[in-house]
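Each reported figure results from applying straightforward, stated rules to the coordinates on display, with no laboratory input. Computed from a predicted structure; not experimentally measured. Reconstructed Cβ throughout: ideal geometry from the backbone, glycine too, with neighbour counts over all protein chains shown.
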Amino acid sequence: MRAEPSVPQYPAAPQSGAHYPAGGHHPGQHHPYPGQAHPGTPQHPLPQHEPVPAPVPQHPGQQHFGTHYPAPHHQAPHHPAAQHQAVQHHVAHDWVASPPPGAYPRRPARHAPRYSGPPAYPVPPRWGFPLVTWRWPTSLPGTAWDEANPVDRVRMLTGAVRNALLFTAAMAGWAAGSEIWRYVLLVLSRYGPLSEGLVTTSDAMVVASSLLAVVAAVLAAVLLLLWSQRARQAAAVNAGYALSRPQWQLVVGLLVPGVNLVLPGSALAELEHAALRRPAGERPRPSRLVLGWWAAWVAGAVLCVLTLGWAFRDGVQAMADGVLLHAVTDLAAVAVAVATLLVVRRISALLAPVDLASVRLMRVIRVQGAPEPPLRAVRMAGSPR
């Protein structure tokens, strides 16, 4: 007769009406029922730390829900009949019901409020900043000066004039390059036909560059007239006397043919004379820069009139010569724009000189006598992180 090794057995929840045989089904074997060990094994209560799952249903329609908990621990009885009664004792059940998915009502989705337009006021608001867009701060009423200094106005407008002249020079240079390319295509067309795309591109470049050059020139002329008015006021303040010609005569002189070749040069020489703070009774002597600008201005005006008159001539050779004349006129416009920029910079520097010591770049060589910086900044209590 052989005996099986001792295996710890945990009590399970017996089904209703289940019985366990006292002996084994085969001769020589002994099958203990739950909670009973083999003969000769000491009897001790088994630890129960977790609930025992409910038994699987054995009959159709039989269901078990909830969590299965073992009965309180008792010392295993030594008598087989007492053990059999302990096994048949029903264990306690803790029934826990949980609603199926979807039983709870869903929260309605929150939609963003619809935009109903800007806020409306019954009367215009009385709060806000004053309307000071594009206005010099010192020209506000109630400040130290009711009117801005003319020198400061000249300094403010010089940047806009410089940008307009640079744009005009760039567009005129583009127009000159387009005209030169057209002339090259005219020469190449003598030896064979040209592609349609190449000719169309050349025509588009000529038209676009010419229009942009004209628009840039008009914008630069308007800014130059405004700059000349403010520069004349600043020169009169610095020199202590008023200039001989008023501003309206200068504007009219630029529009009258013939007069616009002489009056701009003399007015510019007079402005330079006052900017240099020379005596009022002394005859103005224009500098070489002003004389060069005057020559470029006269040459550009003559070429412009000649180009407009050349457009009325007929013939293939006249058209080819007109292309070259347009290119030369555009190059003259570039020269006039650059010369005007140099003159504006010179007169602006005379009217509003800049102290080089105040704008000199400085470099820190060493620091002496300063306390050592903290390794980590100390954050004050209550300050935001």
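Quick notes on this structure:
- Counting charges near LEU211 (Lys, Arg +1; Asp, Glu -1) among other residues having Cβ under 15 Å from its Cβ returns a value of -3.
- Ordering of 225-232, 107-114, 214-221 by packing is 225-232, 214-221, 107-114, highest average first (other Cβ atoms within 10 Å, averaged per residue).
- Between GLN229, GLY265, ALA311, the Cα set farthest toward the positive side of the dipole of the range 218-371 (charges on each charged residue's Cβ, about the Cα centre) is that of GLN229.
- What you get for the range 145-351, charging only the Cβ of Lys and Arg (+1) and of Asp and Glu (-1), is a dipole of about 760 debye around the Cα centre.
- Evaluated at q = 0.17, 0.18, 0.19, 0.26 Å⁻¹: base-10 log I(q)/I(0), Debye formula over Cα of the range 246-330: -0.78, -0.83, -0.88, -1.20
- Put simply, the Cα atoms of the range 145-351 extend 69, 32, 26 Å along their principal axes, the longest span coming first.
- Neighbours of PRO286, meaning other residues whose beta-carbon lies under 10 angstrom from its beta-carbon, give a summed charge of 0 when Lys and Arg score +1 and Asp and Glu score -1.
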